[in-house]
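**Student:** Below: one structure in structure tokens.
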Amino acid sequence: MMRIAICDDEAPTRAYLTSLIRAQDCPCEVVEYASASDCLADHREIDLLFLDIELNAAGLDGMALARQIREGSSAAQPVIIFVTGYERYVFDAFDVGAFQYLLKPVDEEKFAQVFARAVKQIEAGRVQPQLSHALTLQSAGTSRTVPLDSIYYIESSNHKVVLRLKDGEFSCYAKIRDLEAELGDQFCRIHKGYLVNLAYVEGYSKTELTLTNGEKLLISKYKYPDFVKAYFRFVKRGAGL
């Protein structure tokens, strides 16, 4: 059962979006919020959030609400689709990890296409990544093969690298830039000292990334644009888009 929320201060818009959702071939529960505060006050987990950017009610607008959601400690982060009358907001939308945006008045065919893609991403995210490749490293005269799905991230430290693993850590003499080149698109350099497994990204802001194990890592402002592009490519590839 998909859990879907609509946050828009206009009742007719909420009703219209609800009707579009009901028209899709997807079993779901739909909840409506008239303001950002109503949305924040309800602590139920949401899979997909349709969010108006310009909320006219007092308090947070849609963009500020999205930032609070992304910076929160919730284990489950919703896929966010912005609904707006202004195309100029598109770049801000991607800054908070929005999946897509829809322009008002929302076209039924466009809605169906975006909705189907969002559902694919949500369903893909519910499946624990099954990664078949491994990394072989040398340490103290012995070699160790580490499955990529056991690595949360790799940290550079004093001419060594430390692999932060699900079952502990492993260090060896290596250069993080060499590992970055070897590991390819599944890992992304978010800072001169961090190489992150994109499969375990839970959420992010412009300055910080949260992993599924709860750890938070700094994102370099110089690396942020490339990280966002890499993450969206990874997510779309996982969803079969």
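**Student:** Quick check on the exposure proxy: order His191, His43 from fewest to most C-beta atoms within 10 angstrom.
**Tutor:** Final ranking by Cβ density, sparse to dense: His43, His191.
**Student:** While we're looking at this one, here's another question. In degrees, nearest 10, range 0 to 90: what is the angle between the Cα axis of helix 11-22 and the longest Cα principal axis of the chain?
**Tutor:** Once rounded, one gets 60 degrees.
**Student:** Any idea which of Leu102, Pro147, Cys26 is furthest toward the positive side of the dipole for the chain, if Lys and Arg beta-carbons carry +1 and Asp and Glu beta-carbons -1?
**Tutor:** Among Leu102, Pro147, Cys26, the one farthest towards the positive end of the dipole of the chain is Pro147.
**Student:** What angle do you read, to the nearest 10 degrees and between 0 and 90, between the alpha-carbon axis of helix 108-125 and the longest principal axis of the chain?
**Tutor:** Value to nearest ten degrees: 30.
**Student:** May I pose another question? Do you know the relative contact order of the chain, to the nearest whole percent, from alpha carbon pairs under 8 angstrom that are 6+ apart?
**Tutor:** Relative contact order of the chain: 13 percent.
**Student:** If each residue of separation counts as 0.36 nm, what is the full-extension length gain between Arg237 and Asp42 once their alpha-carbon separation is subtracted?
**Tutor:** 67.0 nm
**Student:** I would also like to ask the following. Can you give the FRET efficiency to the nearest 0.05 for Lys104 and Asp185, using r as the Cβ-Cβ distance and R₀ = 51 Å?
**Tutor:** 0.90
**Student:** For the chain, what does the helix formula give at 222 nm: sum of -39500 (n - 2.57) over DSSP H segments with n ≥ 4, over the residue count, nearest 500 deg cm²/dmol?
**Tutor:** Helices in the chain give a 222 nm mean residue ellipticity of -9500 deg cm²/dmol.
**Student:** Once the Cα atoms of helix 224-238 and of the chain are each reduced to a long axis, what angle between those two axes, in degrees from 0 to 90 to the nearest 10, is obtained?
**Tutor:** 80 degrees
**Student:** Counting DSSP beta bridges with both partners in the chain, what percentage is antiparallel, nearest 5?
**Tutor:** Given both bridge residues lie in the chain, the antiparallel proportion sits at roughly 60 percent.
**Student:** Mind sorting Ser171, Ser157 by how few other Cβ atoms lie within 10 Å of their own Cβ, fewest first?
**Tutor:** Ser157, Ser171
**Student:** Still on this structure, please answer the following. List, in the order given, every pair from Lys166/Lys236; Lys192/Lys223; Lys104/Lys229 whose Cα-Cα distance in the structure shown is over 19 Å.
**Tutor:** Exceeds cut-off: Lys166/Lys236; Lys104/Lys229.
Here, each number is a calculation from the coordinates, and none is a lab measurement. As the structure is a computational prediction, the values presented were derived from the model and not from experiment. Counting neighbours? That spans all protein chains shown, and the Cβs are built from the backbone with ideal geometry, glycine included.
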